[in-house]
Amino acid sequence: MNKHDPGGAEASLHYGDNEFTIIRQGVFVRCAVSGERIPLDELRYWSVDLQEAYRGPAEALKRMQGAQP
């Protein structure tokens, strides 16, 4: 399994201020901006208000600068 393209099911998460809660088990979530798979152990950026994940700071900034969900 490639670390940047994990196999397995997509997880469903609830994003909190400092942590996330797994609602449906899986090994990755998708970036809301790029659509890339993000392994759960690499997930560091998300929006509590929009309840979506981002691959990295560039994608988070892009969304915060006005991209619509």
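The values are calculated or read from the model by the stated rules, or taken from the named source; none is laboratory data. In this text the structure is predicted, and so the values were computed from the model without any measurement. Note that we place each Cβ from the backbone using ideal geometry, even for glycine, and neighbour counts take in every protein chain shown.
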Exercise. If you go through the range 32-42, how many residues are over 16 Å from residue 8 (Cα atoms) and surrounded by 15 or more Cβ atoms within 10 Å (Cβ to Cβ)?
Worked result: 2
Exercise. Somewhere in the range 28-51, is a residue touching a Phe, Trp or Tyr at 6+ places or on another chain (Cβ under 8 Å), acidic (Asp, Glu) and at pLDDT 95 or above?
Worked result: no
